[in-house]
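Enquirer: Structure below; questions to follow.
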Amino acid sequence: MGVKRVIVFDTTLRDGEQTPGVNFNSRDKLEIAYQLAKLGVDVIEAGFPAASNGDFEAVKNIADYVKGVTIAAMGRAVKEDIDRASSALKNAEKSRLHVFIATSDIHLQYKLKMTRDEVLKKAVEMVKYARGKFDEIEFSAEDASRTDWDFLVKVFSEVIDAGAHIINVPDTVGYAMPREYGELIRYIRNNVPNIDGVIISAHCHNDLGLAVANSLSAIENGATQVEVTVNGIGERAGNAAMEEVIMALNTRKDYFGLVHGINTKEIYNTSKLVSELTGIKLQPNKAIVGANAFRHQSGIHQHGVINNRLTYEIMRPEDIGVVPDTFALGKLSGRNAFELKVRQLGYNLSPGEISEAFRKFKDLADRKKTIVEEDIRFVVEETIEEFRSFREGEAWA
Ligand code: KIV
Ligand code: ZN
């Protein structure tokens, strides 16, 4: 048996666009889609064609031009949505319908006003209707994590019989705990009788900050597709962040033993592009792609990293395509990091000059919160100048 592969389904352009304040135009979507293809995702969920003419055009554009990757379009379990998705995806190299209906009692009672039997019938009917119009059909049971497990098993089993190739288990409101969500995935795997050959997909929201943990737990328990967004954008607190899921799988390959098709060296570029086009800046301590993700501030840490990066780094910035600016210099920094930075800036100081420049740097760092490259240059230049004047003075004496 070969190494198992995780399918990466990117929904930055659909669930990601549901981020409050985000509204991609067709050109933005196309640019992001090209970058996602370069990044190596398996599926790009390009949008919701029935939602607006603009989104129809955006999905169609992506299906027409972006090749080498499956293009998915979302639709409710109604014929009009399925027809819109089908015509938007007409020219896709490989097309996927992502059709959904809610299955939890809360959604049935207050949103759909339907019984369980009616929902089941609708789901089966619409999957049958979609059959033959797309290369693949993904069925999502919205609010799956708050759905009665046996009803969920029944729905999945019948939509698979009707023609679904992928079943998605959304934790729509980010309610599940990692062990619980993993157990649900395992329950589905063990109890849906016709599950063989069907892809089980995890789709996790981040309301309790657990979207990545839940996605990884799903993978451990048999999910073979993970739905993610770049920078974790999405409805409310967002979705599982692509870069975090992928780097967890990579960094702990020993633990997961899985492969995927992502070229991690494109992670940083993709993150930057999405941040620019959404206008959403990343918090500095954001895992993997935040400005501080690979920076070491304290002298003890800096000293360790200079001797061997493994002391305080579990990933290399180069792996995600970042040119490292490893040391954040400040009042806690040690002489080793300071000396390294001075050398990197092209100066070759004598031991005496280094000691004096370091003393000046510490004085400055006590007064100034953020030390930038210009500050280092300033103290170094000042020290060189003082030493030169002193030597000239001595020569005259
Ligand atoms: O969170 C969700 O349930 C979704 C769809 C898969 C319906 O985004
Ligand atoms: Zn979602």
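A short reminder: the numbers here are calculations on the coordinates, not readings from a lab. Given the structure is predicted, the values throughout are model-derived calculations rather than measurements. Ideal geometry is used to build each Cβ from the backbone, glycine not excepted, and the neighbour counts take in all protein chains shown.
Enquirer: Given Cβ point charges of +1 (Lys, Arg) and -1 (Asp, Glu) and nothing else, what value in debye, to the nearest 20, does the dipole of the chain about its Cα centre take?
Expert: In debye, rounded to 20, the chain gives about 200.
Enquirer: Once you keep just the Cα pairs under 8 angstrom separated by 6 or more residues, what percentage relative contact order results for the chain?
Expert: 14 percent
Enquirer: Given Cβ point charges of +1 (Lys, Arg) and -1 (Asp, Glu) and nothing else, what value in debye, to the nearest 20, does the dipole of the range 303-397 about its Cα centre take?
Expert: On the way: 15 positive and 18 negative charges, 71 e Å.
So the dipole magnitude of the range 303-397 works out to roughly 340 debye.
Enquirer: Can you tell me which of Glu138, Glu125, Glu382 moves the most in a GNM of the chain? Springs connect C-alpha atoms under 10 Å apart.
Expert: Glu382
Enquirer: If the cut-off is a Cα-Cα distance under 20 Å, which lysines reach Lys286, setting aside same-chain residues fewer than 8 apart in sequence?
Expert: Cross-link targets: Lys265, Lys272.
Enquirer: Run down the lysines and flag those whose C-alpha is under 16 Å from the C-alpha of Lys60, throwing out any fewer than 8 positions away in its chain.
Expert: Lys29, Lys90, Lys94, Lys133
Enquirer: Order by neighbour count: Asp83, Asp10, Asp363, fewest other Cβ atoms within 10 Å first, most last.
Expert: In increasing order of surrounding Cβ atoms, one gets Asp363, Asp83, Asp10.
Enquirer: If you take the beta carbon distance between Gln109 and Glu183 as r and set R0 to 45 Å, what does 1/(1 + (r/R0)^6) give as a FRET efficiency, to the nearest 0.05?
Expert: 0.95
Enquirer: Could you tell me the distance between the Cα centroids of the range 12-80 and the range 148-199, to the nearest Å?
Expert: Distance between centres, Cα-based: 25 Å.
Enquirer: With N set to the residue count of the chain, report its C-alpha Rg divided by 2.2 N^0.38 Å to two decimal places.
Expert: This ratio for the chain stands at 1.24.
Enquirer: The range 240-274 to the range 275-338: how many Å between their Cα centroids?
Expert: 18 Å
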